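Heads up, the thing below is written out as structure tokens.
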Ligand code: AMP
């Protein structure tokens, strides 16, 4: 039978960490949620853990909090997971302890306090012993997304309030309970039963003894693609994970598709009725989240981001001496802005590559200091210049405010901010955690009020129509709820997050 390898930590350290995590979680969250990268591989005759390691390594940008992997050799499912980056969690010894030709892997992201070992994935379950079943079923599951009916589902699964460590845990529990009460059913039967009860965003990978399974919710909020290796198959959140293992992209997994891969190859099932399928890929995957070398809706994101900058230059021209991007996310749009405006492109900020995301620090002062640690101006390039400074988005306003200040201190004559997406006004409930409404600077302030707060000479955003046009797939289905407040599905009021004490302009 399978097992989960825990990292050896003394009990007192575990207790202390758990208490701190609980305290932060209590302040920052009203419910558990996930936003992550997932990978899966089925390669007969191959020990697949190293390949899965490479796959998840390419998805590190989607989650830096914890990493994990589950493999099967046809006899047992084994899980290794821990807090930290992929390269810190795994080593040769741990990869060797993950035998078999089927693997799923996961990297987890959450923007605030719920960093705990318990929320690391994959989530593992095994059915209870049952005389009607020859052998217990065991499986592991990795989830990218966020359910919006977690509490209802947890109650249905008979989980006591507070016992579910994450929405992914609830999915696994629903599946194992279904299997326990239906001894003639297998994992795919259980999924066909459970999946239609889930609401919200979920791109899933699962492994049992003999299969790799991929699932995309009927709105396809989060990406998931299918790739082919010479001898096998892979599924991944983003296409660079296929590139790195030498797989070629076959297609995106369809919204509402249950994809089952075994030695016969992939087979699709449709757990949802056709009328429930409504593609709503997260528009922010195009703007910020996905890697520039990713392909979504058939488009390379780097090119799409350059087009965003070109359209921004058309919509919000300004007289200036140099266009620069805020590294890294603002760079392609800055290139596009420079190209279309004819203004010289230059580098005005250097990024320290060894620093993590500033975004995840729960305190505003620490966040601002984090920006300073991350970015440093090139004084000789900036001095006396009228600058157009391009970034992909403004969420709380921390980064642009610190950037404007540091550019002025470095001698910039004018700083004109140009943002390659519309104002970010509404919280995301589908797996991109950007905090409460109260934290979003554009929730209540007008563009000129934001401009004043940031201390910029001018501020302009790209319009929604232009953004969709720049994706290269303007007719495709997108979720733009964070920009419009128009949520594709009803979001339960209990999911609204409590605002922390600081307002975005504090
Ligand atoms: P802020 O500093 O709060 O205004 O956030 C804007 C900056 O964070 C921009 O430079 C974005 O590239 C980046 N950003 C946008 N969305 C996210 C996110 N969900 N997680 C981390 N960083 C983000």
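Bear in mind that the values in this text are calculations on the coordinates, not laboratory data. In this text, all values refer to a predicted model and were calculated from it rather than measured experimentally. Here the Cβ positions follow ideal geometry from the backbone for every residue, glycine too, while neighbour counts run over all protein chains shown.
The mean sequence distance of close C-alpha pairs (under 8 Å, at least 6 residues apart), as a share of the length of segment 303-487, puts its relative contact order at 22 percent.
When 420, 203 are ordered from fewest to most other Cβ atoms inside 10 Å of their Cβ, what list results?
Working: 420 33, 203 27.
Arranged by neighbour count, lowest to highest, 420, 203 become 203, 420.
Taking label points 7 Å from Cα along the Cα-to-Cβ direction, residue 293 and residue 129 give a separation of 5.1 nm.
Given their separation in residues at 0.36 nm each and the Cα-Cα distance between them, residue 155 and residue 344 gain 62.2 nm when the chain is fully extended. The rule of thumb for compact globular proteins, 2.2 N^0.38 Å, goes into the C-alpha radius of gyration of the chain 0.98 times. By DSSP, the beta bridges lying fully in the chain are antiparallel in about 75 percent of cases. Name the residues of segment 187-215 whose amide N is less than 20 Å from a point 7 angstrom out from the Cα of residue 274 along the C-beta direction? Hits in segment 187-215 for residue 274 at 20 Å: 196.
Rounded to the nearest 10 degrees, what's the angle between the helix 331-341 long axis and the longest principal axis of the chain, both from Cα atoms, 0 to 90? Relative to the chain, helix 331-341 is tipped by roughly 40 degrees. Seen against the Cα atoms of the chain and their longest principal axis, helix 364-374 is set at about 80 degrees.
State the Kirkwood hydrodynamic radius of segment 392-498 in Å, one decimal place, computed from all pairs of distinct Cα atoms. Before the final figure, lay out each step's value.
On the way: mean 1/r = 0.0660 Å⁻¹.
Here the Kirkwood hydrodynamic radius works out to 15.2 Å.
The slack between residue 249 and residue 379, meaning 0.36 nm per residue of separation minus the straight C-alpha distance, is 42.4 nm. Label positions at residue 93 and residue 231, each projected 7 Å from the Cα along the C-beta direction, are separated by 2.8 nm. Within segment 303-487, DSSP assigns beta bridges of which about 15% are antiparallel (rounded to the nearest 5).
Expressed as a whole percent, the proportion of Cα-Cα pairs in segment 303-487 lying more than 24 Å apart is 35%. The mean sequence distance of close C-alpha pairs (under 8 Å, at least 6 residues apart), as a share of the length of the chain, puts its relative contact order at 13 percent. Here 464, 191 are placed in order of increasing Cβ neighbour count within 10 Å, fewest first, which gives 464, 191.
Classify segment 210-319 as rounded, prolate or oblate from the Cα gyration tensor: take a ≥ b ≥ c as the square roots of its eigenvalues, call it rounded if a/c is under 1.5, otherwise prolate when a/b beats b/c and oblate if not. Note, shape of segment 210-319 comes out oblate. Distance between the pseudo-spin-label points of residue 319 and residue 47 (7 Å out from Cα toward the beta carbon): 6.8 nm. How high is the relative contact order of segment 172-303? Use alpha-carbon pairs under 8 Å, at least six apart in sequence, and give a whole percent. For segment 172-303, the relative contact order is 21 percent. Against the main long axis of the alpha-carbon atoms of the chain, helix 398-409 sits at an angle near 30°. Taking a ≥ b ≥ c as the square roots of the eigenvalues of the alpha-carbon gyration tensor, segment 52-160 is classed oblate because a/c is 1.5 or more while a/b is no larger than b/c.
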